[in-house]
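Input: a single structure, listed below in structure tokens.
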């Protein structure tokens with residue numbers, strides 16, 4: 001039935017795929033906690049001195065594999081996702097004062113907690129060290 005519809009009206013594929021991408025982006029934003037972060041830390045323009053593209057992050061139950069860009073300057077951590085899921089994932093600028101890093105039980109990972117946002121965000125330790133270095137001492141991995 002679906003194949004017949006596509007054969008008769010191939011132009012319907014475009015709005016179907018667009019709607020599907022929007023729905024997936026919306027569900028990922030809600031289940032990952034990105035929408036909660038966006039309500040507090042949404043930003044239009046990045047001022048980041050350092051950027052690391054195609055990074056991986058786990059946000060609650062959602063794995064953002066090789067699709068997150070992280071940035072850092074003397075005041076903020078910046079986060080952005082790849083263009084095709086950006087619809088419900090606006091770029092973020094999160095002040096270091098609202099970020100806490102702590103070790104994960106797996107030694108190659110670091111847990112990130114943001115003030116007033118529920119959830120567990122996990123980064124590779126190597127990326128975490130880059131963010132710590134770019135913060136000029138304002139961000140540390142706590143052992144507590």
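By the count of other C-beta atoms within 10 Å, a proxy for reagent exposure, 82, 11 are ordered fewest to most as 11, 82.
Contact order for the chain, expressed relative to its length and based on alpha carbon pairs under 8 Å spaced 6+ residues apart, stands at 21 percent. The long axis of helix 13-32 is offset from the longest Cα principal axis of the chain by roughly 30 degrees. Estimated from helical segments only, the mean residue ellipticity of the chain at 222 nm is -9500 deg cm²/dmol, where each DSSP H run of four or more residues counts as -39500 (n - 2.57). Rounded, prolate or oblate, given the Cα gyration tensor of region 31-134, with a/c below 1.5 counting as rounded? In terms of gyration-tensor shape, rounded.
The alpha carbon centroids of region 52-70 and region 78-126 are separated by 9 Å. For the chain, the longest principal axis of the alpha carbon atoms and the long axis of helix 125-134 meet at an angle near 60°. Modelled label positions at residue 140 and residue 45, each set 7 Å beyond Cα in the direction of Cβ, lie 3.4 nm from each other.
Every number in this text was worked out from the coordinates using simple rules, so none of it is lab data. Everything quoted here is computed from the prediction, not taken from an experiment. Neighbour counts run over all protein chains shown; Cβ positions are idealised from the backbone, glycine included.
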